[in-house]
Amino acid sequence: MDCAMVWGWRAIVGEISLGPQVIFTALGDTVNMAHGLQELARDLGETAAVAEAVFLTAGVTPSGYRAREAALRGRPAPVAVRLRGDGGTA
């Protein structure tokens, strides 16, 4: 199942090279949070996991998304998230 995550803050992105090999990468807390949301969506069988903070910052009502607190790896406290999908029941 494909899943999506949304977390909308800053990250460091660029190319890192070692000899002839060039790799595009992204670093920072934003990347870690996005990865945690992606894992959450995948593990729960959801289509999307969106941080509640994204909706609040955008001033958008999260209709069609279920609210939940989730423990994400590397976070000291649970994170408010919104989930969308069938929860693996399909």
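All of the numbers you see were taken from the coordinates with simple rules; none came from a lab. Quick caveat, the model's predicted, so the values are computed rather than measured. When we count neighbours, we look across all protein chains shown, and the Cβ atoms used for this are built from the backbone with ideal geometry, even at glycine.
Quick notes on this structure:
- For segment 72-84, backbone phi angles converted through the Karplus equation (6.51, -1.76, 1.60; θ = phi - 60°) give residue-by-residue couplings of 10, 4, x, 9, x, 9, x, 10, 6, 10, 10, 10, 9 Hz, Gly and Pro being listed as x.
- Using R0 = 22 Å, the C-beta based FRET efficiency linking Val13 and Arg42 works out to 0.45.
- Only helices enter this figure: runs of n ≥ 4 DSSP H residues, each worth -39500 (n - 2.57), summed and divided by the residues of the chain, yield -8000 deg cm²/dmol at 222 nm to the nearest 500.
- Looking at the chain alone, DSSP beta bridges between its own residues are antiparallel in about 85 percent of cases.
- Estimated translational D of segment 20-73 in µm²/s (Stokes, Kirkwood radius over Cα pairs; 25 °C; 0.890 mPa s): 189
- Rg and Dmax of the chain, based on Cα coordinates, read 15.0, 49 Å.
- Among residues other than Pro62 with Cβ under 14 Å from its Cβ, the summed charge is +2 (Lys and Arg +1, Asp and Glu -1).
- Amide H within-cut-off set for Leu72, under 5 Å, with H built and near neighbours excluded: Val79
- Of Leu44, Leu56, Leu18, the residue with the greatest mean-square motion in the GNM of the chain, using alpha carbon springs below 10 Å, is Leu18.
- Each Lys or Arg adds one and each Asp or Glu takes one away; over the other residues whose Cβ falls under 12 Å from the Cβ of Gly74, this sums to 0.
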